[in-house]
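Student: Following this message is one structure expressed as structure tokens.
The values are calculated or read from the model by the stated rules, or taken from the named source; none is laboratory data. All figures in this text were calculated on a predicted structure; none of them were measured in a lab. Every residue, glycine as well, gets a Cβ built from its backbone with ideal geometry; the counts of neighbours run over all protein chains shown.
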Amino acid sequence: MKKFLSELRRRKVVKTLVAYVGLSWLLLQVVGVITSMIEVSPLVGPGTLLLLACGLPVAVYLSWHFDISLEGVERTPSLDEEDNPTLKPLGWLRWTGLVSVFLVSCLIGYQYFDSIRAEQQATREGLNTVKLADSIAVLPFTDQSPEKDQSYLALGLSEEITSLLGRSDGFKVSASRSSQILTEKGLTPIDIGRRLNVKTVLTGSVRATGNRLKIRVELLDTETGHTLWTESFLRELKDIFDVESEIGRAVVNLLQDRYIEAGSFESFSSTNSTDAYVMYLKGREQYRKQTTESMKEARKLFEQAVALDPEYAKGYVGLADTLVMLAEHETGFGILQTDIAAALGQQNIDKALVRQPMMAEAYAVKGYISFILNDFDSALNEFNKAIELNPSLSAAYMWKFLALNSLQRFDESLLALQKSQELDPLFQTGSYNLGVALTRSGRLEEAEGVFKQLKQDHPDSTFSHQGLADIYFSQGNIVGALSETQKAVRLSPENQHFVYKLIAQMLQLGLSENINKSKDNPAWKEAIDYYYPNLLILDKDFDALFKHMDFLLAANPEDYWISFEAAWYHAMFGDKEKSYLLLTEKKNLIDDADTFFMPHCSPAIEIAWAEQALGNLEVAHKLIMKCEELMNLQRNSSISYFELDYLAARIYALNGQRPQAIQALSKAINDGWREWWTKHDPLLLSLSEEPKFKELLQFIDDDLEKQKLEALALFDE
């Protein structure tokens, strides 16, 4: 080593290297100045650096064999040649070595240069793509705090950025809920983006140490997987709202190729109290769990948030939202009386809107308050205002669907629901409602696809089985419906709705023995008691049936539905004169909405039959005309129920139009109508001698018997 170092000094290699490095540094400075002054290729700087770096081995090799100075270039003699005045030229071996060093340096340099060129090209392509990107999903941020106890902050931050970005026009922002579900399933950010059908995803992490936050964000292109933008923020907790706005502004500027000035993209979640913000985020964490217990806890946390900062608009919205969700309304958790929940919610929404009159979430909750109070037109106005302020607010579209549905504006309701599903495709209730709406529209293949995807996304959910059961039932496949309902019961054995549904399907196939086997099951007792009259009918024990109904009538003299049920049994198997009186005497106990309940238009159509039999033809005609009007209204929309065809058959039969009645009945059966009591329906009595009518009834009996055998095999498994 000592000899080698001595030889380096003698050959002046170090001197040459110092000079080479110095000249290289000077050249790089010149290149840096020039590229900053004029527009040149971004590869000039990296290319120059690589050229100089790759030239270094060549310079070392040359300096070993030659003395390079201002006087010229002379070959450096070896130790054996120092006393020889005449130096021989370098041999072919040394020139080969020089060529080899040169070629290897060029090859390595080219590989690095090509890598840099490809990376810069990918970046340029990414930037060109991102300028056209019109959709994004903000994934739940990762909690990187030492104790891993800041998940509420990490999730809350991504949720707030989602809300902030949703206010940008022409920009689809996927809902936080779906992003969170897919993240919990372990999918990569790129796969999540593709599943949500967005062009970009924003990921990030949060590390909280005391009041200090370190937030890192990264914007990814879901098509190429390239990173489009990354940034880190080190701030105080009190500055988090500025960070939210800065991130949102940067993303919109980058993705939409426009410039939003600082301060013009304000976060509506801002508060002067960091403690209030923490309480709000913890409240949101509880709200997302969607259980009765968590909603109660969320209410307390939101109340603490507004107590800490009485000017905190987002806190009032969270509190109002939670209060109305606790209502006894069918869409709520059944804790507060609906009118009380609505009044408390409205008080808090009014406070929020005074402080932040442009907050979309506030108008959405305000609309929901109107909805649970059955003021559907006002609800629609508020939902439209919310959507105008935030076109990506999926909850507003979902609630708008409910209001439109209540107004029987089915085509519009389906569009609203599809938009909600587009923004929040993994929301279980949204997927289920979409499947139901498609089923109602007769788009059964699409509906089945929705429910199967729901089953894949949420294998432990009952929603997919409920939806598939409805599809199969609408096709006349009672066994298929029975199988899916059984699966729902296994997943949620205490859910009485599923038990009722299962028993109804079993009754349809005449499986009374199988029902009676479950009499001792506490979860089934209530439902079996409810269907007791139907079991008596299957057993043909009509004396017990009418004795039971007489008892219920005496015990509930002001309950029209008991009268209707008793009347219906008498109309089919008992005293028809009594059924006429039971149907008509107390019909004023129910309002029009209940009288003309669609798609059966029942009990109006049965009352019309009774009035017709009693000779009250004008009253009967008005009822029939109203049912026909409602039937045509639904038929002219996207509604496609076989019940509508059966209703048409009954209307035609009551009007004496027997050919049309049989045609409508045939269509209903062809589409899936399989009610066992069709042959006993007194409204179709005028068709009883028609051969085609008898043929249709025989088809129903044969198909139900066939399915009964299939169902028995199902229960034996």
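Student: Inside segment 615-638, can you point out the residues that are touching a Phe, Trp or Tyr at 6+ places or on another chain (Cβ under 7 Å) and more than 17 Å from Ala653 (Cα to Cα)?
Tutor: Leu630, Ser637, Ser638
Student: Can you tell me which of (1) of a type in the set (Ser, Thr, Tyr); (2) in a helix (DSSP H, G or I); (3) out of contact with any Phe, Trp or Tyr (no Cβ under 6 Å at 6 or more places or on another chain) is the one Ser464 doesn't meet?
Tutor: Every listed condition holds for Ser464 apart from (3).
Student: Hey, Asp411 hits all of (1) within 21 Å of Gly345 (Cα to Cα); (2) surrounded by fewer than 20 Cβ atoms within 10 Å (Cβ to Cβ) but one; which does it fall short on?
Tutor: Single failed check for Asp411: (1).
Student: Still on this model: Can you tell me which residue is nearest to Ser163 (Cα to Cα) among those in segment 351-372 that are among the hydrophobic types (A, V, I, L, M, F, W, C) and surrounded by fewer than 19 Cβ atoms within 10 Å (Cβ to Cβ)?
Tutor: Met358
Student: Of all residues in segment 582-604, how many are in contact with a helix residue (DSSP H, G or I) (Cβ under 9 Å, 6 or more places away or on another chain) and small (Gly, Ala, Ser)?
Tutor: 2
Student: In segment 355-368, how many residues are in contact (Cβ under 8 Å) with a residue 12 or more places away in the chain and either aliphatic (A, V, I, L, M) or not in a helix (DSSP H, G or I) (or both)?
Tutor: Matching residues across segment 355-368 total 7.
Student: What number goes with the only condition from (1) under 16 Å from Thr142 (Cα atoms); (2) modelled with pLDDT of 80 or more; (3) of a type in the set (Val, Ile, Thr) that Thr209 does not pass?
Tutor: (2)
Student: If you go through segment 410-461 one residue at a time, how many are of a type outside the set (A, V, I, L, M, F, W, C), closer than 19 Å to Arg635 by Cβ and assigned to a helix (DSSP H, G or I)?
Tutor: Qualifying residue count, segment 410-461: 5.
Student: Something else now. Go through segment 327-350 and give me each residue that's without any contact (Cβ under 8 Å) to a residue 40 or more places away in the chain, touching a helix residue (DSSP H, G or I) at 6+ places or on another chain (Cβ under 6 Å) and surrounded by fewer than 23 Cβ atoms within 10 Å (Cβ to Cβ).
Tutor: Glu328, Thr338, Leu344, Gln346
Student: Would segment 377-391 turn up any residue that is within 17 Å of the chain's Cα centre (by Cα), surrounded by fewer than 22 Cβ atoms within 10 Å (Cβ to Cβ) and under 19 Å from Leu182 (Cα atoms)?
Tutor: Looking for residues that are within 17 Å of the chain's Cα centre (by Cα), surrounded by fewer than 22 Cβ atoms within 10 Å (Cβ to Cβ) and under 19 Å from Leu182 (Cα atoms), one finds none in segment 377-391, hence no.
Student: Would you check if Leu589 is among the hydrophobic types (A, V, I, L, M, F, W, C) and modelled with pLDDT of 95 or more?
Tutor: no
Student: I need every pair where a residue in segment 442-466 that is touching a residue at least 12 places away in the same chain (Cβ under 8 Å) and under 15 Å from Thr429 (Cβ atoms) has its Cβ under 8 Å from the Cβ of a residue that is among the hydrophobic types (A, V, I, L, M, F, W, C) and in a loop (DSSP other than H, G, I, E, B), sequence separation at least 6 or different chains.
Tutor: That search, which allows pairs on different chains as well, returns Asp457/Leu426; His458/Leu426.
Student: Let me ask another. Is there a residue being modelled with pLDDT under 90, more than 26 Å from the chain's Cα centre (by Cα) and in a strand (DSSP E or B) anywhere in segment 235-243?
Tutor: Yes, there is a match, as at least one residue in segment 235-243 is modelled with pLDDT under 90, more than 26 Å from the chain's Cα centre (by Cα) and in a strand (DSSP E or B).
Student: Kindly indicate the residue of segment 467-487 that is touching a residue at least 24 places away in the same chain (Cβ under 8 Å) and touching a Lys or Arg at 6+ places or on another chain (Cβ under 8 Å) and also surrounded by the fewest Cβ atoms within 10 Å (Cβ to Cβ) among those meeting that condition.
Tutor: Gly476
Student: Please go through segment 657-671 and give me each residue that is modelled with pLDDT of 95 or more and out of contact with any Lys or Arg (no Cβ under 8 Å at 6 or more places or on another chain), ordered by number.
Tutor: Gln657, Arg658, Pro659, Gln660, Gln663, Ala664, Leu665, Lys667, Ala668, Ile669, Asn670 - these are the residues of segment 657-671 that are modelled with pLDDT of 95 or more and out of contact with any Lys or Arg (no Cβ under 8 Å at 6 or more places or on another chain).
Student: Another question about this same structure. Do any residues in segment 668-694 that are within 11 Å of Arg658 (Cα to Cα) and assigned to a loop (DSSP other than H, G, I, E, B) have Cβ atoms under 7 Å from those of residues that are hydrophobic (A, V, I, L, M, F, W, C) and at pLDDT 95 or above, where the two are at least six apart or on different chains, and which pairs are they?
Tutor: Glu690/Ile662
Student: Moving on to the next point. Among the residues of segment 417-436, how many are of a type in the set (Gly, Ala, Ser) and farther than 14 Å from Ser464 by Cα?
Tutor: Of the residues in segment 417-436, 1 are of a type in the set (Gly, Ala, Ser) and farther than 14 Å from Ser464 by Cα.
Student: Please find, among Gly283, Gly345, Gly334, Gly318, the residue that is within 26 Å of the chain's Cα centre (by Cα), modelled with pLDDT of 85 or more and over 23 Å from Ser176 (Cα atoms).
Tutor: One residue alone meets the criteria, Gly345.
Residue-wise test of (1) at pLDDT below 65; (2) more than 27 Å from Arg194 (Cβ to Cβ); (3) crowded, with 17+ Cβ neighbours inside 10 Å; (4) basic (Lys, Arg).
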position	(1), (2), (3), (4)
Asp114	no, yes, no, no
Ala118	yes, no, no, no
Gln121	yes, no, no, no
Glu125	yes, no, no, no
Ser135	no, no, yes, no
Leu139	no, no, yes, no
Ser145	no, yes, yes, no
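Student: Before we move on, is Glu629 in a helix (DSSP H, G or I) and either in contact (Cβ under 8 Å) with a residue 12 or more places away in the chain or polar (S, T, N, Q) (or both)?
Tutor: When the stated conditions are applied, Glu629 does not pass them.
Student: Can you name every residue in segment 595-621 that is in a helix (DSSP H, G or I) and closer than 20 Å to Arg635 by Cα?
Tutor: Thr595, Ala604, Ile605
Student: While we're looking at this one, here's another question. Among the numbered criteria (1) over 17 Å from Lys452 (Cβ atoms); (2) surrounded by fewer than 23 Cβ atoms within 10 Å (Cβ to Cβ), which one does Ala396 miss?
Tutor: (2)
Student: For Arg94, are the conditions met, namely being modelled with pLDDT under 80 and over 25 Å from Leu281 (Cβ atoms)?
Tutor: So Arg94 passes the test.
Student: When you go through (1) more than 47 Å from the chain's Cα centre (by Cα); (2) under 19 Å from Ile651 (Cβ atoms) one by one for Asp550, which number turns out not to apply?
Tutor: Condition (2) is where Asp550 drops out.
Student: Do we have any residue at all in segment 405-412 that's at pLDDT below 95 and under 29 Å from Leu182 (Cα atoms)?
Tutor: Looking through segment 405-412, none of the residues is at pLDDT below 95 and under 29 Å from Leu182 (Cα atoms).
Student: Quick one: how many residues across segment 270-302 are of a type in the set (Gly, Ala, Ser) and closer than 11 Å to Thr322 by Cα?
Tutor: Count: 3.
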